[in-house]
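S.K.: Pasting a structure here, questions to come.
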Amino acid sequence: MTESKPMTKVLIYGGKTGWIGGLMYDMCKEKGIEVYNSEVRVENRADVEKELDEIKPSHALMSAGITGRPNIDWCEDHMPETIRTNVIGTLNVADLTYVKGVHCTIYATGCIFKYDDAHPLGSGIGFTEEDTPNFDGSFYSKTKGFMEPMLKCYPNCMILRVRMPISDDLIHRSFVTKIAKYERVVNIPNSMTILSEMLPASMAMAQKGLTGVYNFCNPGVISHNEVLDLYKKYIDPTFEYSNFSIEEQAKILKAARSNNELDATKLLRDMPEGVVLNDIKTAFDLCFQRMKVNLEKSGVLPDNLPAEFKSKVNGGTGKPTVSS
């Protein structure tokens, strides 16, 4: 842990166009913290250094990264582009903030593990921060698995393993939004991150000066079916879905997907005083309650849910049907 210091000025990488970075920018504004969105591309080291020298932040938040559109399968065909941002860019930010003495929070991923003999599905035995990544089934996860051991070398960096992030709306990046558009889903318990709870926690952790790796998920696991059952309960009572196996899923994907449970012991132990994290099932229920209110206020519910959330998959291809 580095020395705690006031969060007086924040520089966010990935805040202009990124989901998590944008949420953190808004949060800083709401708290009256002076905040800037980076204007440079993180792979350009000289530009990153110049901006740091000009702004002189007390804290940096690194959420810039390539996940691909519409999903991580994109990275399989764009490996150099993925490396440029996810490896070179991330190392530039980590290294230069270290040189400048700036605390840096890196919103990384926990999708670098898969259930194995030592961490069986349903056992309640989660991967810890000390475990070595064992999943490289996608190029996206492979780059992230390469990065973590290197980032751990920087004493100014806090590396947060985010998994399957969820927000209180139906933004396209949210895990809920993604699986709600599919007729068939796998049904596997996973660790997940409810952003409305976890992002404020990340700010408190940065202010405390925490560094090193943290499993950044609400404690416990929840399955795809449990999530969609809550979606049906709170958002669309007419919603229907069905399951298929990992083997069947693999036939429609270019890259494999990570499924795992991450241990929350270290996170809960080091969490700043006053920060409360709900277990994942409680957090999800509360998230859907807030989502319902938000969608009602915006006029989406009860009668204007977009057609894409009601369309289903053609023969389990993994692609939403195209509205006529």
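The values are calculated or read from the model by the stated rules, or taken from the named source; none is laboratory data. Computed from a predicted structure; not experimentally measured. All Cβ positions, even for glycine, are placed from backbone atoms using ideal geometry, and neighbour counts span all protein chains on display. Accessible surface areas use protein heavy atoms only, side chains included; no ligands, DNA or RNA. Shrake-Rupley method; radii C 1.70, N 1.55, O 1.52, S 1.80 Å.
S.K.: So Asp53 clears everything in (1) in contact (Cβ under 8 Å) with a residue 12 or more places away in the chain; (2) under 24 Å from the mean Cα position of the chain (by Cα) except one condition, right? Which one?
M.R.: (2)
S.K.: Go through the residues of region 46-53 one by one and say whether even a single one is part of a strand (DSSP E or B) and out of contact with any His (no Cβ under 8 Å at 6 or more places or on another chain). Working first, answer last.
M.R.: To start, the set of residues in region 46-53 that are part of a strand (DSSP E or B) comprises none.
Within region 46-53 (the criterion being part of a strand (DSSP E or B) and out of contact with any His (no Cβ under 8 Å at 6 or more places or on another chain)), the answer is no, since none of the residues qualifies.
S.K.: Enumerate the helices (runs of 4 or more DSSP H) found wholly within region 205-292, keeping only those where 1 or more residues are over 19 Å from Glu183 (Cα atoms) and either of a type in the set (A, V, I, L, M) or touching a helix residue (DSSP H, G or I) at 6+ places or on another chain (Cβ under 9 Å) (or both). Talk me through it step by step, then tell me what you get.
M.R.: Working: elements: 224-234, 246-250, 265-270.
Answer list for region 205-292: 265-270.
S.K.: Sort through Gly68, Gly15, Gly21, Gly32 and tell me the only one that's assigned to a helix (DSSP H, G or I) and either at pLDDT below 95 or of a type in the set (Gly, Ala, Ser) (or both).
M.R.: Working: Gly68 fails: assigned to a helix (DSSP H, G or I); Gly15 fails: assigned to a helix (DSSP H, G or I); Gly32 fails: assigned to a helix (DSSP H, G or I).
Testing whether each residue is assigned to a helix (DSSP H, G or I) and either at pLDDT below 95 or of a type in the set (Gly, Ala, Ser) (or both) leaves just Gly21.
S.K.: Among the numbered criteria (1) in a loop (DSSP other than H, G, I, E, B); (2) open to solvent by 50 Å² or more (accessible area, probe 1.4 Å); (3) touching a residue at least 12 places away in the same chain (Cβ under 8 Å); (4) at negative phi, which single criterion is violated by Cys153?
M.R.: The number of the failed condition is (3).
S.K.: Among the β-branched types (Val, Ile, Thr), within 28 Å of His172 (Cβ to Cβ) and crowded, with 16+ Cβ neighbours inside 10 Å: is that true of Ile88 in this structure?
M.R.: On the way: among the β-branched types (Val, Ile, Thr): yes; within 28 Å of His172 (Cβ to Cβ): yes; crowded, with 16+ Cβ neighbours inside 10 Å: no.
Against the criterion (among the β-branched types (Val, Ile, Thr), within 28 Å of His172 (Cβ to Cβ) and crowded, with 16+ Cβ neighbours inside 10 Å), Ile88 does not qualify.
S.K.: Taking the condition of being part of a loop (DSSP other than H, G, I, E, B) and open to solvent by 30 Å² or more (accessible area, probe 1.4 Å), how many residues in region 107-146 meet it? Write out each step before concluding.
M.R.: Kept after step one, since they are part of a loop (DSSP other than H, G, I, E, B), are these residues of region 107-146: 110-115, 117-118, 120-126, 128-138.
Subsequent filtering for residues that are open to solvent by 30 Å² or more (accessible area, probe 1.4 Å) retains 114-115, 117-118, 120-125, 128, 130-134, 136-137.
Residues meeting the conditions: 18.
S.K.: Can you tell me which residues in region 161-211 are over 19 Å from Val221 (Cβ atoms) and of a type in the set (Lys, Arg)?
M.R.: Correct list: Arg173, Lys181, Arg184, Lys208.
S.K.: Another question, if that's okay. Could you look through region 71-83, keep only residues that are more than 15 Å from Gly145 (Cα to Cα) and outside any loop (DSSP other than H, G, I, E, B), and pick out the one that is modelled with the highest pLDDT? Outline the logic, then answer.
M.R.: Of the residues in region 71-83, the ones more than 15 Å from Gly145 (Cα to Cα) are 71, 73-74, 76-78, 80-81.
Checking which are outside any loop (DSSP other than H, G, I, E, B) leaves us with 73-74, 76, 80-81.
Details: Asp73: 83, Trp74: 88, Glu76: 89, Pro80: 94, Glu81: 91.
Across region 71-83, the extreme among qualifying residues is Pro80.
Okay, residues lined up against (1) touching a strand residue (DSSP E or B) at 6+ places or on another chain (Cβ under 6 Å); (2) surrounded by 21 or more Cβ atoms within 10 Å (Cβ to Cβ); (3) within 18 Å of Ile55 (Cα to Cα):
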residue: Lys5; (1), (2), (3): no, no, yes
residue: Val10; (1), (2), (3): yes, yes, yes
residue: Asp26; (1), (2), (3): no, no, no
residue: Val35; (1), (2), (3): yes, yes, yes
residue: Ser38; (1), (2), (3): yes, yes, yes
residue: Arg41; (1), (2), (3): no, no, yes
residue: Arg45; (1), (2), (3): no, no, yes
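S.K.: Taking only region 177-228 into account, find how many residues are open to solvent by 30 Å² or more (accessible area, probe 1.4 Å), in contact with a strand residue (DSSP E or B) (Cβ under 8 Å, 6 or more places away or on another chain) and of a type in the set (Gly, Ala, Ser).
M.R.: 0
S.K.: Further question: What about Ser323, is it more than 30 Å from Gly145 (Cβ to Cβ), at pLDDT below 75, surrounded by fewer than 16 Cβ atoms within 10 Å (Cβ to Cβ) and out of contact with any Leu (no Cβ under 9 Å at 6 or more places or on another chain)? Full working, then the answer.
M.R.: Details: more than 30 Å from Gly145 (Cβ to Cβ): yes; at pLDDT below 75: yes; surrounded by fewer than 16 Cβ atoms within 10 Å (Cβ to Cβ): yes; out of contact with any Leu (no Cβ under 9 Å at 6 or more places or on another chain): yes.
When the stated conditions are applied, Ser323 passes them.
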